[in-house]
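Structure, as structure tokens:
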Amino acid sequence: MDGMDGVEVESCTHCEALVDSRSQIVNGDGPADADVVFVGEAPGANEDAEGVPFVGRSGDVLDGALRDAGLDRADVRITNCVRCRPPDNRDPASEELVNCRPYLDRELELVDPEVVVTLGKVPGEHLLERDVAVTNETGSVERVALGGRERDVLLCLHPAATLYDASQKTAFRETIERAATMAGVSGGQSNLGDF
Ligand code: URA
């Protein structure tokens, strides 16, 4: 694919506004054969500076929940719907989501995970192609054709939601535990039962 080496996008100039606002393309992070791929929205300021997804405050929340669920960050792959930081941290425009989608599809096809976890409303709606009420739907699973085959997509709150509203912490952590259970990790504290 144009500008893509394996799962990494090396160059891309499809979105004019994002080319102007980014300092670098932020590719997915983690093993290229991970069983679980977490998909966020788009890089923020810290991610743009470091070139790695989820390294700011949201990343700290995610890392903590992964650890507590028995999932080491180093064992999962973390990526975004859009690989360049939008200006002023705005949501990615639908055209930008569409432009970046072939890279995400290719990444999912190559990594070939069993479970895809969407972090927040934007990736949930992008991958499920429907409206998502993420606060109500966090923890639910749908089978979706992605990256060449059907996969389980687990809807999850964005980790930042727990920073704005502490009452979301439990639901966020239970959803990450469910991801661990789905990935076959026994260290998780999940008491959500079978799914
Ligand atoms: N939020 C996201 O959606 N993605 C990141 O990489 C960081 C914060």
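Using Stokes-Einstein with the Kirkwood hydrodynamic radius over Cα pairs, what translational diffusion coefficient do you get for region 1-99 at 4 °C and a viscosity of 1.567 mPa s, in µm²/s rounded to a whole number? Could you put the intermediate results ahead of the total?
Values: Rh = 13.9 Å.
The Stokes-Einstein estimate is 93 µm²/s.
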Practice item. Return the single residue from V141, V37, V153 with maximal mean-square fluctuation; model: Gaussian network over the chain, springs between Cα atoms under 10 Å. Key: V141
Practice item. Report P(r) for the chain: all Cα-Cα distances, bin width 10 Å, range 0 to the bin holding the largest distance, values in whole percent. Key: 10, 40, 39, 11, 1
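In the neighborhood of L18, defined by Cβ-to-Cβ distances under 9 Å, what is the net charge if each Lys or Arg adds +1 and each Asp or Glu adds -1?
Combined, the nearby Lys, Arg, Asp and Glu give 0.
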Exercise for review: Work through the residues other than A180 whose Cβ is under 11 Å from its Cβ and net out their charges, Lys, Arg +1 and Asp, Glu -1.
Suggested key: -3
Exercise for review: May I ask what percent, to the nearest 5, of DSSP beta bridges between residues of the chain are antiparallel?
Suggested key: 40 percent
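Two decimals is fine: what's Rg over Rh for region 47-142, C-alpha atoms, Kirkwood radius as Rh?
Working: Rg = 13.8 Å, Rh = 14.7 Å.
With Rg and the Kirkwood Rh in hand, the quotient comes to 0.94.
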Point to revise | Ranked list, fewest to most other Cβ atoms within 10 Å of each Cβ, for D63, D48 | key: D63, D48
**Study point:** Residues E129, E174 arranged by fewest to most Cβ contacts within 10 Å
**Key:** E129, E174
Review point. Mean separation of Cα pairs under 8 Å and 6+ residues apart, divided by the residue count of the chain: what relative contact order is that in percent?
Key: 23 percent
**Study point:** Cα-based helix-to-principal-axis angle, 57-68 vs the chain, degrees rounded to 10
**Key:** 40 degrees
Revision key, fill the gap. If one compares the long axis through the Cα atoms of helix 169-182 with the longest principal axis of the Cα atoms of the chain, the angle in degrees, nearest 10, works out at 90 degrees
Practice item. Given the options A183, A161, A17, state which has the largest fluctuation in a GNM of the chain using a 10 Å cut-off (strictly under) for Cα springs. Key: A17
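Throughout, read-outs are computed from the coordinates displayed, never taken from laboratory work. These numbers come from a predicted model, not from an experiment. Here the Cβ is made from the backbone with ideal geometry for all residues, glycine too, and neighbour counts use every protein chain on show.
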